[in-house]
Amino acid sequence: MKITNQVVESHGLKIEEYSNIKKLLKREPNLLELGIFSAMWNEHCSYKSSRKHLKNLPTKGKHVIQGPGENAGVIDIGDNDAIIFKIESHNHPSYIEPYQGAATGVGGILRDVFTMGARPIALLNSIHFGSPNHFKTKSLLNGVVSGIGGYGNCIGIPTVAGETKFNSTYNENILVNAMAVGHAQKDKIFYSRAKGLNKSVVYVGSKTGRDGIHGASMASAEFDENSEEKKPTVQVGDPFTEKLLMEACLELMKDNSIISIQDMGAAGLTSSSVEMASKGELGIEINLEKVPCREENMTPYEMMLSESQERMLIILEDGKEKHAKEIFKKWDLDFVVIGKTTNTNKLTLKFNNIVKGEIPINALASEAPIYDRKWVKKKLSKSKFDIKKLKNIKIEEALIKILSSANHSNKRWITSQYDQMVMCDTVQKSGADAAIIRIHNKKKAVAVSVDSSSNYCKAHPLTGGKQIVCENWRNLISVGATPIAITNCLNFGNPENPKIMGEFAECLIGIKESCEYLNYPVVSGNVSFYNGTNKKNISPTPVIGGVGLIQKLKEPIDHQFKKDNSSIIVVGKTFGHLEQSVLLEEIYSITDGQPPEINLLNEKNNGESVLSIIKNNLVNSVHDVSTGGILITLAEMSMGSNYGVKINKPKKLTNLFKYFFGEDQSRYILEVDKNNIEKVEKILKNNNVFYENIGSTQKDFFEIEKEMKINVKELYKINNQWYNNY
């Protein structure tokens, strides 16, 4: 087939990139080689637009064993225990085919974790949909939730935490980000770097089909009116086969058979073989006629670019083939030696002893293009609202309207479809600030949470980037965990647009600042660009997944009130910042203005003080103050318990809406027994932390002095109506 400009562009490559390919090869590529370049040089695999900015993120720390560059990040939690975790996007496939797109997103992130020797212990997700009134939203929501639950439930990994948000910015491009967390022994971690010459390269798992071809390329392009035609590029998952593959891999990992192992994820056999060879500075020769296929007459092009699920590539030590094959045969999985490592530093592809393609590994990896794209700073908008001129509304009315909205309603309809207790180590499931998973048969646990804030990032990307790291950090603090490290999934629009690239660059500056100040390194992650349709891009949506350690697990701290007549303490100062707040968006449809400022000194000091109070067993419940401000936080602490609050009017900030709905950062609400108040206040004063005693808990009623009084059960009912009626 003649390689024309049209063929080049249909592979997602630019003409100037094709010229560079010819220079690297010193000849024209054939179609197979062009397909391989298109897979390895697309945005999804090469990070060509983001690599320059990603290298500035802090990736090292005293707990970090492995940072970015492997299948997943690895942290040390002591006693030879390690936690392996990562988050990735499956946005485009989930919009085209929501069930399979979401399901295979879960399957892919699980393989990233167990390919490194970890048994997965938890799944999380961050899913964003368009306006609830958009004609596609309901079916997309149903399909994605069913796909996440269907895959996770069947494979037997608990889905313990997540977030679901609605905004018209996602009308034509939903976001489905999946995170997996696994536990491994520190001295039994497996990497993807190939080593040694003439070592067996082994294909294991499911057979290869034609599903998913050019899936990585699809993820590196904007949608248009023809997106439905891309359905064949969506992979099809089988969680039962994935369970067999996981158990077979973990069994083989018990001895010293494996040199390196790599999931066949985006770009399938192409990316897995190239990444292993590149990291090991070796070559790989593959005999494609040996690849197990489930469809007839598959071509080398189709085999190399297929993204069929539940497959791995393994390089074995000499003489271990028979032993390994017996394990995979026991689990009823394919095991075929399809090639060997070489000293050529080339990817050599043979089919029936005829060389069909030969490409230098460096040309596919280290020589992939890196772009320093133009970007512009966000021009800050000033909010035009004057709170004195807004329509008069009662506090109770505003509270009810927010609690009954799509974004702030109880998500039980979603979480009830996920098995959260399988494996029996889930100590605290979704609904709290963070979920808690016990390390099996041990007294310690990890806390996990995912967070995003697209409106803050859209309004001021740098502040938004800082805020979302801090929000995630606070969520772990609130359950008594010491935050250790994060993974991130950076969802943005078209990077060729300087404004979009500016949002990305500034968000990363903010993420960097918070991570450095909080000693909260980034150990893994994913960039998802080109989230948009017909030139309309999504709002910048970086998602942060955090992991914290609870060294000695006791009765877990959650966010629901526990006792009558406890004191309610607000840690951190309330200035009454309403711009970009839930109040203005839900009640007045005002979305302009700036997000609240982040003072990292206060953030760290307040958080560490609260963590000290929790570790000294001085609180009954804790909740960080985030979207919706103090009043929404108090309502969340009341609903689901039998206890409401009796709150005093503030004496200094006279505007009640600013006080109760302001979204100032670095704040927590603590429920404290009266006999522990002095001890708590002493810790806060010694650390120069501002705090207020704003009232107390009471049975049954949610009350603000002279402003409102409503039964807690009624609040709960209001908060549960939206999904029931959708």
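The values are calculated or read from the model by the stated rules, or taken from the named source; none is laboratory data. Predicted, not measured: the structure shown is a model, and the values here were computed from it. For neighbour counting, all protein chains shown are included, and Cβ atoms are generated from backbone atoms with ideal geometry for every residue, glycine included. The area values use the complete protein model at the heavy-atom level, side chains included, leaving out ligands, DNA and RNA. Shrake-Rupley method; radii C 1.70, N 1.55, O 1.52, S 1.80 Å.
The table for this structure:
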{"read-out": "Qualifying positions in segment 345-364 - in contact with a helix residue (DSSP H, G or I) (Cβ under 6 Å, 6 or more places away or on another chain), closer than 18 Å to M298 by Cβ and polar (S, T, N, Q)", "value": "N352"}
{"read-out": "Cβ pairs under 9 Å, 6+ apart, first in segment 691-709 and under 14 Å from K563 (Cβ atoms), second open to solvent by less than 10 Å² (accessible area, probe 1.4 Å) and charged (D, E, K, R)", "value": "T697/E671"}
{"read-out": "Filtered residues of segment 587-601 (kept if surrounded by 19 or more Cβ atoms within 10 Å (Cβ to Cβ) and either farther than 16 Å from K389 by Cα or free of Cβ contacts under 8 Å to residues at least 12 places away in the same chain (or both))", "value": "G593, P595, P596, I598"}
{"read-out": "Number of the exception - F135 against (1) open to solvent by less than 10 Å² (accessible area, probe 1.4 Å); (2) in a loop (DSSP other than H, G, I, E, B)", "value": "(1)"}
{"read-out": "Residue satisfying all of: in segment 703-712; modelled with pLDDT of 95 or more and not aliphatic (A, V, I, L, M); surrounded by the most Cβ atoms within 10 Å (Cβ to Cβ) among these", "value": "E703"}
{"read-out": "First in segment 252-264 and farther than 11 Å from R193 by Cα, second anywhere and open to solvent by 10 Å² or more (accessible area, probe 1.4 Å) and part of a strand (DSSP E or B), Cβ under 8 Å, 6 or more apart", "value": "L252/I258"}
{"read-out": "Residue list for segment 662-692, filter: polar (S, T, N, Q) and crowded, with 18+ Cβ neighbours inside 10 Å", "value": "Q665, S666, N676"}
{"read-out": "Only listed residue being free of Cβ contacts under 8 Å to residues at least 60 places away in the same chain and in contact with a strand residue (DSSP E or B) (Cβ under 8 Å, 6 or more places away or on another chain), chosen from N648, N642", "value": "N648"}
{"read-out": "In segment 4-20, the residues that are in contact (Cβ under 8 Å) with a residue 24 or more places away in the chain, in a helix (DSSP H, G or I) and surrounded by 17 or more Cβ atoms within 10 Å (Cβ to Cβ)", "value": "V8, E17, N20"}
{"read-out": "Pairs, first within 23 Å of K138 (Cα to Cα) in segment 710-726, second β-branched (V, I, T) and surrounded by 14 or more Cβ atoms within 10 Å (Cβ to Cβ), C-beta under 8 Å, six or more apart", "value": "I718/I400; Y723/I414"}
{"read-out": "Output for segment 522-531, where each listed residue is more than 21 Å from N167 (Cβ to Cβ) and either at pLDDT below 95 or open to solvent by 10 Å² or more (accessible area, probe 1.4 Å) (or both)", "value": "G525"}
{"read-out": "Search result, residues across segment 434-472 that are among the basic types (K, R) and in a strand (DSSP E or B)", "value": "R438"}
{"read-out": "Matching residues in segment 485-499 - criterion: being closer than 21 Å to H90 by Cβ and open to solvent by less than 10 Å² (accessible area, probe 1.4 Å)", "value": "I486, T487, N488, C489, L490, N491, F492, G493, P495"}
{"read-out": "Which numbered condition L123 misses (of (1) over 26 Å from A194 (Cβ atoms); (2) modelled with pLDDT of 95 or more; (3) open to solvent by less than 10 Å² (accessible area, probe 1.4 Å); (4) in a helix (DSSP H, G or I))", "value": "(4)"}
{"read-out": "Residues of segment 437-460 satisfying the condition of being buried (at least 24 other Cβ atoms within 10 Å of the Cβ) and under 17 Å from A485 (Cβ atoms)", "value": "I437, A445, V446, A447, V448, S449, V450, D451"}
{"read-out": "Scan of segment 260-319 for residues that are of a type in the set (G, A, S) and either open to solvent by 10 Å² or more (accessible area, probe 1.4 Å) or farther than 24 Å from F240 by Cα (or both), ordered by number", "value": "S260, G265, A266, S271, S273, A277, S278, G280, G283, G319"}
{"read-out": "Subset of segment 243-286 [of a type in the set (A, V, I, L, M), in contact with a Lys or Arg (Cβ under 9 Å, 6 or more places away or on another chain), assigned to a helix (DSSP H, G or I) and more than 17 Å from F190 (Cβ to Cβ)]", "value": "L269"}
{"read-out": "Members of segment 532-581 that are on the phi > 0 side of the Ramachandran plot, touching a strand residue (DSSP E or B) at 6+ places or on another chain (Cβ under 6 Å) and modelled with pLDDT under 95", "value": "none"}
{"read-out": "Out of K458, K466, sole residue that is under 17 Å from the mean Cα position of the chain (by Cα) and closer than 21 Å to E579 by Cα", "value": "K466"}
{"read-out": "Given (1) more than 23 Å from V176 (Cα to Cα); (2) more than 17 Å from the chain's Cα centre (by Cα); (3) open to solvent by less than 10 Å² (accessible area, probe 1.4 Å), index of the condition E513 fails", "value": "(3)"}
{"read-out": "Failed condition for K382, given (1) open to solvent by 50 Å² or more (accessible area, probe 1.4 Å); (2) modelled with pLDDT of 95 or more", "value": "(2)"}
{"read-out": "Residue identified as over 24 Å from C515 (Cβ atoms), at pLDDT below 95 and open to solvent by 20 Å² or more (accessible area, probe 1.4 Å) among N620, N642", "value": "N642"}
{"read-out": "Candidate set from segment 464-484 (those that are of a type in the set (S, T, N, Q) and buried (at least 24 other Cβ atoms within 10 Å of the Cβ)); member that is nearest to G545 (Cα to Cα)", "value": "N472"}
{"read-out": "Cβ-Cβ under 6 Å pairs, at least 6 apart or on other chains, segment 93-106 side open to solvent by 10 Å² or more (accessible area, probe 1.4 Å), far side outside any helix (DSSP H, G or I) and among the small types (G, A, S)", "value": "G105/A178"}
{"read-out": "Conditions (1) open to solvent by 30 Å² or more (accessible area, probe 1.4 Å); (2) of a type in the set (S, T, N, Q); (3) part of a loop (DSSP other than H, G, I, E, B): number failed by N362", "value": "(3)"}
{"read-out": "Subset of segment 18-44 (residues that are under 21 Å from I213 (Cα atoms) and among the charged types (D, E, K, R))", "value": "E33, E43"}
{"read-out": "Hits in segment 141-186 (condition: of a type in the set (S, T, N, Q) and either more than 24 Å from N531 (Cα to Cα) or open to solvent by 10 Å² or more (accessible area, probe 1.4 Å) (or both))", "value": "N142, S146, N153, T159, T164, N167, S168, T169, N171, Q185"}
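Quick grid of which residues meet (1) more than 21 Å from the chain's Cα centre (by Cα); (2) open to solvent by 20 Å² or more (accessible area, probe 1.4 Å):
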{"site": "K2", "(1), (2)": "yes, yes"}
{"site": "K22", "(1), (2)": "yes, yes"}
{"site": "L34", "(1), (2)": "yes, no"}
{"site": "Y47", "(1), (2)": "no, yes"}
{"site": "Q66", "(1), (2)": "no, yes"}
{"site": "G73", "(1), (2)": "no, no"}
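Let's see how each residue does on (1) under 28 Å from E597 (Cα atoms); (2) assigned to a strand (DSSP E or B):
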{"site": "T627", "(1), (2)": "yes, no"}
{"site": "K646", "(1), (2)": "no, yes"}
{"site": "P650", "(1), (2)": "yes, no"}
{"site": "S666", "(1), (2)": "yes, no"}
{"site": "E671", "(1), (2)": "yes, yes"}
{"site": "E681", "(1), (2)": "yes, no"}
{"site": "N688", "(1), (2)": "yes, no"}
{"site": "Y716", "(1), (2)": "no, no"}
